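Quick notes on the structure that follows.
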Amino acid sequence: MYDVSIDKLRKELDLLPEQIGNESFLNGSGLGNEIPFWIFHYPAEHELFVRSYFPYIEKSLSNYTFKHLNIFQVLIDLLDERKLLDRIEAQEKRVGHQKLKERLSAPLSQDKIARFIESNVKIDQLDFMLISGLGAAWPLLRGHELLSALQDIMRATPLVLFYPGDYDGRALSPFGMVESNNYYRAFSLNPSDS
């Protein structure tokens, strides 16, 4: 499990605006033609602390054109647009969490989520995109699925996924407790991983 103190996490979060504002980050240079997807991972128990840093990060990056998406809110907006949200709330009480998750797999497929983002965000006009809220969206949406679905729509626009769990450069482990054999190729934005 990825173990980091609040002090170390604070230092890493303090460095994020400088890292993201760096020309090599914005241009994707030095990535060997890889997609400019970055993961900032942290222990899930520090989720609220990380969230509290978003206003600082956004203000520090205000000279850039970017979008910060809470992916859980994106899922709610997608379901609401399709007029499914009220029915889902009623179904959850009737059929339970697991059955509801199964029923939501089609309306919340990774491709539909990616297309919804693409239709609501002018990605080609962004310098980069930040995505958070994955912990709240799990297990309806998993990190590797989201990143895979976003590859085609993001193209060369850098993306930073704030990830509550472990990332070892190959596999994402939600909350640092769930085993994952799902390989995903992205770059770590955590200075301690360098």
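The values are calculated or read from the model by the stated rules, or taken from the named source; none is laboratory data. Since we're looking at a predicted model, the values are computed, not measured. Positions of Cβ are generated from backbone atoms using ideal geometry, with glycine treated the same way; all protein chains shown enter the neighbour counts. In case anyone asks, the SASA skips ligands and DNA or RNA and just uses the protein heavy atoms, side chains included. Shrake-Rupley method; radii C 1.70, N 1.55, O 1.52, S 1.80 Å.
Numbers for the structure displayed
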item: Label point at Gln98 placed 7 Å out along Cα→Cβ; residues across the stretch 122-138 whose backbone nitrogen lies under 19 Å; result: 138
item: Förster-model FRET efficiency, 41 Å R0, Phe49 and Asn120, C-beta, rounded to 0.05; result: 0.90
item: Dimensionless Rg ratio for the stretch 24-137, taking C-alpha atoms and the 2.2 N^0.38 Å reference; result: 1.27
item: Amide H contacts of Asn70 (H built 1.01 Å from N, under 5 Å, at least 5 apart or other chain); result: Ser132
item: Sequence-separation-based contact order of the stretch 1-154, relative, with Cα cut under 8 Å and 6+ spacing, percent; result: 29
item: Ellipticity estimate at 222 nm from DSSP helix runs (n ≥ 4, -39,500 (n - 2.57)) divided over the chain, nearest 500; result: -14000 deg cm²/dmol
item: Amide proton proximity set for Phe40, modelled H, under 5 Å, gap of 5+; result: Leu161, Phe162, Tyr163, Leu189
item: Those lysines that a straight Cα-Cα span of less than 29 Å connects to Lys83, excepting residues fewer than 8 apart in one chain; result: Lys67, Lys93, Lys99, Lys101, Lys112, Lys122
item: Surface accessible to a 1.4 Å probe, per residue, for the residues of the stretch 42-145, Å²; result: 58
item: Cα-based shape type of the stretch 107-172, given that a ≥ b ≥ c are square roots of the gyration tensor eigenvalues and the cut on a/c is 1.5; result: oblate
item: Prolate/oblate/rounded label for the stretch 70-194 (Cα gyration tensor, a/c 1.5); result: oblate
item: Farthest toward positive dipole pole in the chain [+1 Lys/Arg, -1 Asp/Glu at C-beta], among Val50, Asn190, Leu141; result: Leu141
item: Under the Karplus curve 6.51 cos²θ - 1.76 cosθ + 1.60, θ = phi - 60°, whole-Hz ³J(HN,Hα) for the stretch 82-94, x wherever Gly or Pro sits; result: 8, 6, 10, 4, 4, 5, 5, 4, 5, 5, 4, 5, 7
item: Share of carbon and sulfur in the accessible heavy-atom surface of the chain [1.4 Å probe, %]; result: 47
